[in-house]
Amino acid sequence: MTEVKVKKESTDPVDIENRIKELCLQFPHGITDQVIQNDMPHVEVQQRAMAINRLLSVGQLDLLKNSNGLLYRLKDAQSASKVKGSDNQEKLVYQIIEDAGNKGIWTRDIRYKSNLPLTEINKILKNLESKKLIKAVKSVAASKKKVYMLYNLQPDRSVTGGAWYSDQDFESEFVEVLNQQCFKFLQSKAEAARDSKQSPMVQRNSSLATSHEVWKYICELGISKVDLSMEDIETILNTLIFDGKVEMTIIAAKEGTVGSVDGQMKLYRGVNPIIQPTGLVKTPCGLCPVTF
Amino acid sequence: MTAQEVRLCGLLLQEHFGDVVEKVGTHLICSGVLTLRALAHETKLPLDLVKKSLCVLMQHGMCAFGAGRRGPAGPVEYHIICEHILHMLRYPRYIYTAKSLYGDTGELIVEEILQSGQMTMSSTVKTVADRLTHNMPEGQSMDYSEVVSAFSRLVETHFLQRCPPMASAGSSSSGAVNTPLPAVTQPTKPEDHPECYRLPYINLTGQGKRRRSSEDGEAEQRAAKKAKTDNSERGDEGIYWQVNFQRFHLHFRDQAIISAVSCKLDQASSEIVRTMLRMSEVTTPAHAAFTQALSANEIFRAFPSSYNIARPILDQYLTLLVDDPMEFVGRTGDSGGGMYVVNLHRALANLARATLESVVQERFGSRSARIFRLLLRKRHLEQKQVEDFAMVPAKEAKYMLYTLLSENLVQLQEIPKTPDYAPSRTFYLYTVNQLPTARLLLQHCYKTVGNLIERRLYETKENKRLLEKSQRIEAILASLQATGAEAAQLTEVEEMITAPERQQLETLRHHINKLDSSENQVDETIFLLESYINSTQAPP
């Protein structure tokens, strides 16, 4: 009888790595240690650990932690190639910045998360910036503060300030122009309603304009280079309310009518001030020769 | 009594009554309540002068007296009613209102009574008739009955009222009971007297007498003597009439509300509000927050026929008035086609708020006014939120907020996160309180009027010489014209004033007119703010 030689499955480390990679592909959400063990029961713990470490250090595997334990996920080939050639610290910092998404992260926060000294962080950040992997965006709130985010991401509104800021400068003239245009539109509507000489109810209703109408009017005017949303127009209309030139009412609208938000519609109309400038401010100051 | 009010009262007293009264009055305001002896001692004036000044003040209703601290047995104590002194600013407005409502007759009646403080009906009628006759062309004269009818109309609409009778030790003609003197702190209100608005029966027929200029001096003396003896024959001695300031104030308030409605909405709505206010003129108590409820049917019937509004249109207007965010009119019920009231206190609050906003706008610019209105609406806001809502660049917003804060128009509220008020761990919220800000502005107004009066007096003093000269020239001219001089003499006299002097006089007159008219304008602001502040206080 010939000895049946059970062919031992090769415990070639490369094979183990490939097998782990295939498993990762099978489970794109990540695989736990348990899954690898089940698949290759004959592989010893040490060899498994070595294979996983190899893959991690090469950068083909991502180590994640969830509530149950450790997860291994195949890293995206593209991003894997990007950080090739950078060392661990840089990879860590890059990871942290990536996690911050499009809000960006401040240097101090990077320091807290990575526990690296400040000088190291600065060096790494300079390095990554020169490699065009990250960029620094100045925040509107504090002009000295810089937040870092991935190169190809659009910064979030809260950082740049949205439609009213261009390059960290508040565009007051743009806001003023919009202000005046909206007011003129509402005022002309009110005057047209007054001249129509119909019953007062109809007059009042025709002098009202929804925020949607104002938005359409402004878009058609084409004075804005940036696309303005209805919320932007509503903030402009709010400033008109605070100027005392416009008043607002909210009515319930059927869902689905144009311009209604959550079953409500905001209506605006131009109003006149209720008193003339008061007597106290008409007194001459006594110094200026104009009054005398 | 704030320092500004005392200063203003002093200036007004000096202008209308002279230095002695001013000294006595200001001293009494500052000290509160004093006896006659103490007052004379402290002002270092002779006793009879002090007595006369007090009489003048009492005649105009600015000083009241009552039993002192030692009870009815002790000396009488006097105190000043400051509001009545400040009302002197408003005399031109009262006279103008009377003129617009009741014509020249009404105007002169109110003017006479304001000038003398208190007058009997018969003397008023006679004086007014004489004055009117003087201005009429030759051959015509004013009949007493016309003046009497104007007077009675004024009394019917409560613009004039009887002075409250003095409870005196002896018996009085109106048969008042022997009541002890009221305590100093409880003056009797004119309205407490049941016959406040009852016209006395007087036997007054005749016509106004024209005064001949040649008999000027004698006629005056004779008229004065006649007045003394006449009174006893007329049948209304002891019944004195005074101007009912409160009624005029209610009228001004109504006018302000009507003009606000017409600015905000349109003419027809303001007519509706005018009708509603007219209907509840005499039925609504002075400090009420709302007028009496009026049904839509009543309003429709009382509407002036010249306006010709159909009933459903009227209903629409009323609905629009109720829906307006200013809340001038409110709906309280559904009977009679809908019951409507005018929200008086809310209207006053809105008018006061508009005044505050207008002051901020004119003084600091429209951006600051935007921030001010924003804070009024949203109550408490952080620095960042102010910038976001008002859409003002951060630097400018900060600057404006700090300016407003330094003027005390805006207040800062600190909310700490930790028990120690560490600045980095506290919320700083900006806020505007309407009532204290209104009081602050009212004091500013008093100071402004005081400054205007002083400037006017200064201008007059500077050019005293010139004014006296021009007065002399005018007197000479008048006498020459009366005696029938030739044209050459008249021109010679006129040329005594040189051309630059004439120009100087012109500019002086122009300045003084401007200052006078701005006093009246500031008084309008004072009226609005005072009414608002009084409406927030609990009724007495």
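The values are calculated or read from the model by the stated rules, or taken from the named source; none is laboratory data. As the structure is a prediction and not an experimental result, all values here were calculated from the model. Methodologically, a virtual Cβ is constructed for each residue, glycine included, from the backbone with ideal geometry; neighbour enumeration extends over all protein chains shown.
The table that follows gives values for the structure above.
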| quantity | calculated |
| --- | --- |
| Whichever residue in the range B:466-500 is loosely packed, with under 10 Cβ neighbours inside 10 Å and assigned to a helix (DSSP H, G or I) and, among such residues, is modelled with the highest pLDDT | B:500 |
| Residue list for the range B:322-355, restricted to those being closer than 15 Å to residue B:289 by Cα, more than 14 Å from every other protein chain (Cβ to nearest Cβ) and charged (D, E, K, R) | B:331 |
| Filter result for the condition that a residue is part of a loop (DSSP other than H, G, I, E, B), at pLDDT below 85 and not assigned by the TED database to the domain that holds residue A:134, over A:228, A:153 | A:228 |
| Test: residue in the range B:276-287 that is more than 24 Å from the chain's Cα centre (by Cα), more than 14 Å from every other protein chain (Cβ to nearest Cβ), surrounded by 13 or more Cβ atoms within 10 Å (Cβ to Cβ) and closer than 20 Å to residue B:254 by Cα | no |
| Some residue of the range B:212-234 being surrounded by 15 or more Cβ atoms within 10 Å (Cβ to Cβ) and either modelled with pLDDT of 90 or more or outside any helix (DSSP H, G or I) (or both) | no |
| Scan of the range B:302-318 for residues that are within 9 Å of chain A (Cβ to nearest Cβ) and crowded, with 17+ Cβ neighbours inside 10 Å, ordered by number | B:316, B:317 |
| Filter result for residue B:483 (within 26 Å of the chain's Cα centre (by Cα) and more than 30 Å from residue B:412 (Cα to Cα)) | no |
| Pair list, Cβ < 6 Å and 6+ apart or interchain, from the range A:265-279 residues that are at the interface with chain B (Cβ under 7 Å from one of its Cβ atoms) to residues that are of a type in the set (Val, Ile, Thr) | A:278/B:355; A:278/B:525; A:279/B:522; A:279/B:525 |
| Pair list, Cβ under 9 Å, 6 or more apart: the range B:495-509 residue in the same structural domain as residue B:466 (by the TED database), other residue outside any helix (DSSP H, G or I) | B:504/B:463; B:505/B:463; B:505/B:497; B:507/A:292; B:508/B:463 |
| Qualifying residue in the range B:425-444 (condition: surrounded by fewer than 18 Cβ atoms within 10 Å (Cβ to Cβ), farther than 30 Å from residue B:382 by Cβ and of a type in the set (A, V, I, L, M, F, W, C)) | no |
| So residue B:448, is it away from chain A (no Cβ under 13 Å), farther than 18 Å from residue A:238 by Cβ, of a type in the set (S, T, N, Q) and out of contact with any strand residue (DSSP E or B) (no Cβ under 9 Å at 6 or more places or on another chain) | no |
| Pairs where the first residue, in the range B:260-280, is in contact (Cβ under 8 Å) with a residue 40 or more places away in the chain and in the same structural domain as residue B:305 (by the TED database) and the second is of a type in the set (S, T, N, Q) and not in a helix (DSSP H, G or I), C-beta under 8 Å, 6+ apart | B:264/A:272; B:276/B:291; B:277/B:291; B:280/B:291; B:280/B:292 |
| Any hit, the range B:418-430, residues being under 30 Å from residue B:527 (Cα atoms) and within 39 Å of the chain's Cα centre (by Cα) | yes |
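Every residue, every condition in (1) within 14 Å of chain A (Cβ to nearest Cβ); (2) outside any helix (DSSP H, G or I), yes or no:
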position	(1), (2)
B:357	yes, no
B:361	yes, no
B:385	yes, no
B:392	yes, yes
B:396	yes, no
B:414	no, yes
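Let's see how each residue does on (1) of a type outside the set (Phe, Trp, Tyr); (2) more than 9 Å from chain A (Cβ to nearest Cβ); (3) on the phi < 0 side of the Ramachandran plot:
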| position | (1), (2), (3) |
| --- | --- |
| B:368 | yes, yes, yes |
| B:377 | yes, no, yes |
| B:380 | yes, yes, yes |
| B:399 | no, yes, yes |
| B:402 | no, yes, yes |
| B:410 | yes, yes, yes |
